[in-house]
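The values are calculated or read from the model by the stated rules, or taken from the named source; none is laboratory data. This structure is a prediction, so every number in the text was calculated from the model and none was measured. Glycine also receives a Cβ, built like all others from the backbone with ideal geometry; neighbour counts cover every protein chain displayed. Accessible surface is based on the protein model in full, side chains and every heavy atom, while ligands, DNA and RNA are left aside. Shrake-Rupley method; radii C 1.70, N 1.55, O 1.52, S 1.80 Å.
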Amino acid sequence: MKALKSKTDLIAGAALTILLFGFSFSSSVSFKHLIMKIIIMALFAMSLNIQSGWGGLRPLGHGLMFGLGAYTYAITTVRMGLNPYLAVLITFVFTALVAMFLGYLLVRKSDDLAFSFLSMGFCTLTYTIILKTSYLGVDAGISGVPRLPFAGSDNAMYLLTVVVVCVAMLLIYLLSKSQFSWIFRAVRENKEKASCIGVDIVRIQLMGYVISGLFACIAGMLYTMKNNGAYTYSCSVQLSMEALIMCLLGGMNNFWGPALGAMIVTLF
């Protein structure tokens, strides 16, 4: 049964990839922007599902990682004038460091309620700092953010988004079949039993938080490149709640569930 389900997931992924590349021949710019938003939000929802679906954690501020990807890329390219390729690397490393620091603060007590509300608190704090800081663009955000040099046109940006999202989803799929994901699920089911067989609960949950945050960071960078700007919505609790609704609507126990939920929420 598991082998059949895995085969079905792979076939669905291959069919979806072919369909997305087929859309690149469309002449409608607005249609391509809609598809880009759907698949970026799908990646964001699937990144959240690593924590919520696999690990049983309920972060109410996952938008923070999305926002870090969006704003760090915007600051490094627009405010600091760095090369976009270097900006992507800096954004990835910076988000990983922040995720490790915040993740440790969130999971060290193994309190699910504290995890949920502290994550929302950090997200709200960051959102407020952005609104109060002119360097970060306040409520107008940071506009004029450049795309990668080879993705200047809308069609090239569309192809870049499809390739990056498909590769990221493939990595998430492979990760879902790894030993880490099963240990993470074991922690979700029974922390006491997992601890008794030698599982380091804090370490596993921290790894899940960081990995989830990095995929959300990728989604945030793509969203900023698509819009040529970073805006406060990218770092809001509202976006975090929407992602949680996407996971719940599509189904956390189905690999493609969060992506389906993202499509429904984005369209509506």
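Kindly indicate whether any position in the range 234-252 is without any contact (Cβ under 8 Å) to a residue 12 or more places away in the chain and assigned to a loop (DSSP other than H, G, I, E, B).
So in the range 234-252, the residues without any contact (Cβ under 8 Å) to a residue 12 or more places away in the chain come out as 251.
Within this subset, residues satisfying the condition of being assigned to a loop (DSSP other than H, G, I, E, B) are 251.
The answer is yes, given that some residue of the range 234-252 is without any contact (Cβ under 8 Å) to a residue 12 or more places away in the chain and assigned to a loop (DSSP other than H, G, I, E, B).
Out of all the residues in the range 73-97, which are free of Cβ contacts under 8 Å to residues at least 40 places away in the same chain and under 24 Å from Met41 (Cα atoms)? Residues satisfying the conditions are Thr76, Ala87, Leu89, Ile90, Val93, Phe94, Leu97.
Of the residues making up the range 11-60, those that are closer than 20 Å to Ile264 by Cβ and either open to solvent by 50 Å² or more (accessible area, probe 1.4 Å) or part of a loop (DSSP other than H, G, I, E, B) (or both) number 8. When the residues of the range 98-136 are filtered to those that are of a type in the set (S, T, N, Q) and free of Cβ contacts under 8 Å to residues at least 24 places away in the same chain, the one that is farthest from Leu206 (Cα to Cα) is Ser134. A residue that is touching a helix residue (DSSP H, G or I) at 6+ places or on another chain (Cβ under 8 Å), at pLDDT below 90 and open to solvent by 60 Å² or more (accessible area, probe 1.4 Å) cannot be found anywhere in the range 164-175.
Restricting the search to the range 128-137, which residues are in a helix (DSSP H, G or I) and surrounded by 19 or more Cβ atoms within 10 Å (Cβ to Cβ)? If the condition is that a residue be in a helix (DSSP H, G or I) and surrounded by 19 or more Cβ atoms within 10 Å (Cβ to Cβ), then Ile130, Leu136 are the ones that fit.
Going residue by residue through the range 21-29, is there one that turns out to be in contact with a helix residue (DSSP H, G or I) (Cβ under 7 Å, 6 or more places away or on another chain) and closer than 23 Å to Gly208 by Cα? Quick ask: steps written out before the conclusion?
First, pick out the residues of the range 21-29 that are in contact with a helix residue (DSSP H, G or I) (Cβ under 7 Å, 6 or more places away or on another chain): 21, 23-24, 26, 29.
If we keep only those that are closer than 23 Å to Gly208 by Cα as well, we get none.
No.
Across the range 189-213, which residue is farthest from the chain's Cα centre (by Cα) among those that are on the phi < 0 side of the Ramachandran plot and not in a helix (DSSP H, G or I)? Quick ask: steps written out before the conclusion?
Within the range 189-213, the subset on the phi < 0 side of the Ramachandran plot is 189-197, 199-213.
Adding the requirement that they be not in a helix (DSSP H, G or I) leaves 190, 197, 199-200.
Details: Asn190: 26, Ile197: 31, Val199: 26, Asp200: 25 Å.
So the residue we want is Ile197.
Conditions (1) under 24 Å from Met252 (Cα atoms); (2) out of contact with any Gly (no Cβ under 7 Å at 6 or more places or on another chain); (3) open to solvent by 60 Å² or more (accessible area, probe 1.4 Å), marked per residue:
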residue: Asp111; (1), (2), (3): yes, yes, yes
residue: Ser116; (1), (2), (3): yes, yes, no
residue: Met120; (1), (2), (3): yes, no, no
residue: Thr126; (1), (2), (3): no, no, no
residue: Asp139; (1), (2), (3): no, yes, yes
residue: Ser143; (1), (2), (3): no, no, yes
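Within the range 219-249, being buried (at least 23 other Cβ atoms within 10 Å of the Cβ), farther than 17 Å from Leu60 by Cα and more than 12 Å from the chain's Cα centre (by Cα) holds for Thr224, Met225, Ala230.
Does the range 78-87 contain any residue that is touching a Lys or Arg at 6+ places or on another chain (Cβ under 8 Å), farther than 19 Å from Val237 by Cα and of a type in the set (Gly, Ala, Ser)?
No, the range 78-87 has no match at all.
For Ser134, indicate whether it is under 22 Å from Met225 (Cβ atoms), at pLDDT below 90 and hydroxyl-bearing (Ser, Thr, Tyr). The answer is no for Ser134. Of the candidates Leu97, Leu102, Leu68, the single residue that is open to solvent by 30 Å² or more (accessible area, probe 1.4 Å), modelled with pLDDT of 90 or more, part of a helix (DSSP H, G or I) and not hydroxyl-bearing (Ser, Thr, Tyr) is Leu97.
Scanning the range 187-207 for residues that are crowded, with 16+ Cβ neighbours inside 10 Å and among the hydroxyl-bearing types (Ser, Thr, Tyr) gives no hits.
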